[in-house]
Amino acid sequence: MQQERKFDKVVSLAKTRGFVFPSSEIYGGLGSIYDYGPLGVELKNNIKKAWWDFMNARRDVVGLDSGILMHPKIWEASGHVQGFNDPLVDCKKCKSRFRADHLLENLGIKPDFRPGAKIDLADVRCPECGGELTDIRQFNLMFKTFIGPLEEEANQIYLRPETAQGIYVNFLNVKESMRLKMPFGIAQIGKAFRNEITPGNFIFRMREFEQMEMQYFVEEKEAKKVFKNWQELRREWYLSLGIDPKNLKFREHAKDELAHYAQAAIDIEYNFAFSGDDSFKELEGVHHRGTWDLSQHQKFSGQKLTVKDEENKDYLPTVIETSIGADRAFLAFLMDAYTEIDGGRSTTTESIKEKEVVLKLHPKLAPIKIAILPLSKKEPLADKAKEVYELLVKNYRIQYDETGSIGKRYRRQDEIGTPYCVTVDFDTLENNQVTVRDRDTMQQEHLDIAELKNYFQKKFDF
Ligand code: ATP
């Protein structure tokens with residue numbers, strides 16, 4: 001299967017099967033904002049829950065849910081007011097807009113990311129029409145709004161461009177209220193907003209998105225070890241949820257590529273295959289941020305944010321961060337799960353030789369866990385099938401599907417990644433047995449209805 005087309009197919013499946021819709025579509029859409037449909041919201045919730053469970057499984061990580069709107073000084077302290085800019089250029093001829101650093105990267109030239117460094121575009125022309133480019137303008141990515149009734153500069157605040165700052169400013173609140181010993185981590189899931197200039201690639205780069213961030217506070221002498229350890233933990237998370245290791249790359253930032261706050265950084269890249277087979281792009285960052293964040297907040301707030309070491313001396317903790325976009329993770333899991341089987345694999349006559357799509361999502365992530373498929377819509381079979389539905393619906397997301405041939409119904413479930421289908425047929429009325437079909441092996445088992453709860457409890461025990 002050609003990878004580029006796979007991306008387009010995943011985008012199309014996401015829309016037609018109720019995973020992701022373009023925002024405000026009946027009004028012509030709104031650039032790079034997307035809405036999650038009924039199956040999308042399940043998948044995204046399952047991804048967030050898998051991340052949250054993974055963080056909570058560690059005894060040294062606790063949770064937080066801080067506000068999207070925060071004191072504007074936070075963004076001065078963090079460097080976002082000053083430096084959260086993208087270098088923007090326009091084509092004078094066709095008016096296309098680009099990020100200057102992306103233009104250089106596409107030409108194989110590594111832009112200089114150091115603060116204050118100039119990006120030299122002297123020999124670069126518009127990739128669309130060959131036209132001349134404007135000078136670079138710095139464009140701040142933060143969305144602005146106003147707090148209170150007066151729309152004046154004194155009341156201007158920002159929609160947070162990352163969730164991390166909410167964690168730093170609550171660091172001591174969390175430590176003291178929970179009586180935590182160093183080192184420990186704080187995890188948070190929440191919306192972030194960036195007025196991206198060149199959004200695109202579906203939900204990969206959006207203007208409103210969701211982040212899952214964990215900040216680990218540690219003494220400097222332990223930081224290197226902790227930084228390594230979190231890289232391994234994050235790798236294990238992806239693999240435990242079935243990501244193909246071939247599609248995952250850990251790329252260390254070169255010194256001149258590091259953000260101003262970072263001492264070391266690893267991008268966890270996934271092969272999103274936007275263009276061709278080998279198109280690895282950032283999915284998550286693991287960052288060694290030193291004491292930069294806490295020292296900035298200490299300076300700007302005038303509040304001490306230090307803790308005591310074993311010798312009762314004050315120190316500012318070093319921060320190790322893991323930061324992943326929930327939407328990029330959503331896209332990665334969808335891409336990884338999408339499988340086409342040419343010629344089909346079903347044995348029902350009407351589906352022979354047709355191409356089949358199977359979404360091989362990890363059962364923990366699958367939006368629908370079980371489908372109940374009565375062979376006939378009519379009573380008494382329908383009644384029996386509803387009895388099975390009632391038995392399971394309290395514990396699992398279930399789809400009840402009674403339309404079309406059984407082969408077609410299996411394929412509809414395969415396409416949305418449902419791990420198990422339970423078929424209720426005429427024999428069920430006699431022997432109280434149903435057929436459970438496995439999405440990946442297509443094996444079928446006959447089980448007593450009375451056994452079903454136990455059976456699925458074992459299957460979904462992660
Ligand atoms: P990029 O270089 O792709 O713009 P970044 O380095 O600015 O990403 P971070 O600031 O490190 O990203 O944000 C952490 C994570 O948040 C990213 O790894 C990504 O998964 C997610 N993320 C960042 N920007 C967006 C966006 N515009 N849309 C969706 N997810 C995003």
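Placing unit charges on each Cβ (+1 for Lys and Arg, -1 for Asp and Glu) gives the chain a dipole about its Cα centre, and among Ala122, Val174, Ile33 the Cα reaching farthest toward its positive end belongs to Val174.
Bridges between two residues of the chain, per DSSP, are antiparallel at a rate of about 85%. Count the DSSP beta bridges whose two residues both fall in the stretch 360-459, then state the antiparallel fraction as a percent rounded to the nearest 5. In the stretch 360-459, DSSP labels about 55 percent of beta bridges as antiparallel. The 1.4 Å probe gives accessible areas that order Phe462, Phe139, Phe193, largest first, as Phe462, Phe139, Phe193. Relative to the Cα centre, the charge distribution of the stretch 280-370, modelled as +1 at Lys and Arg Cβ and -1 at Asp and Glu Cβ, gives a dipole magnitude of about 160 debye. A Cβ-based charge dipole, computed about the Cα centre of the stretch 360-459 with Lys and Arg at +1 and Asp and Glu at -1, lands at about 560 debye.
Bridgeable lysines around Lys459 (alpha carbons under 27 Å apart, same-chain partners fewer than 8 residues away excluded): Lys44, Lys48, Lys49, Lys246, Lys360, Lys364, Lys369, Lys384, Lys386, Lys394, Lys408. The charge dipole of the stretch 376-430, taken about its Cα centre with unit charges on the Cβ atoms of Lys, Arg (+1), Asp and Glu (-1) only, comes to about 280 debye. Relative contact order of the stretch 360-459, taken over Cα pairs closer than 8 Å and 6 or more residues apart, is 30 percent. Cysteine residues of the chain whose C-beta has no other cysteine C-beta under 4.7 angstrom: Cys421. Translational diffusion of the chain was estimated from the Stokes-Einstein equation, with Rh taken as the Kirkwood radius over Cα pairs; at 25 °C and 0.890 mPa s the coefficient is 98 µm²/s. Computed with the Debye formula from one identical point scatterer per Cα of the stretch 28-79, without solvent, the log10 of I(q)/I(0) at q = 0.14, 0.23, 0.25 Å⁻¹ comes to -0.72, -0.93, -0.93.
The values are calculated or read from the model by the stated rules, or taken from the named source; none is laboratory data. In this text, all values refer to a predicted model and were calculated from it rather than measured experimentally. Cβ atoms come from the backbone with ideal geometry, glycine included; neighbour counts cover every protein chain shown. Calculation scope for accessible area: heavy atoms of the full protein, side chains included, ligands and nucleic acids excluded. Shrake-Rupley method; radii C 1.70, N 1.55, O 1.52, S 1.80 Å.
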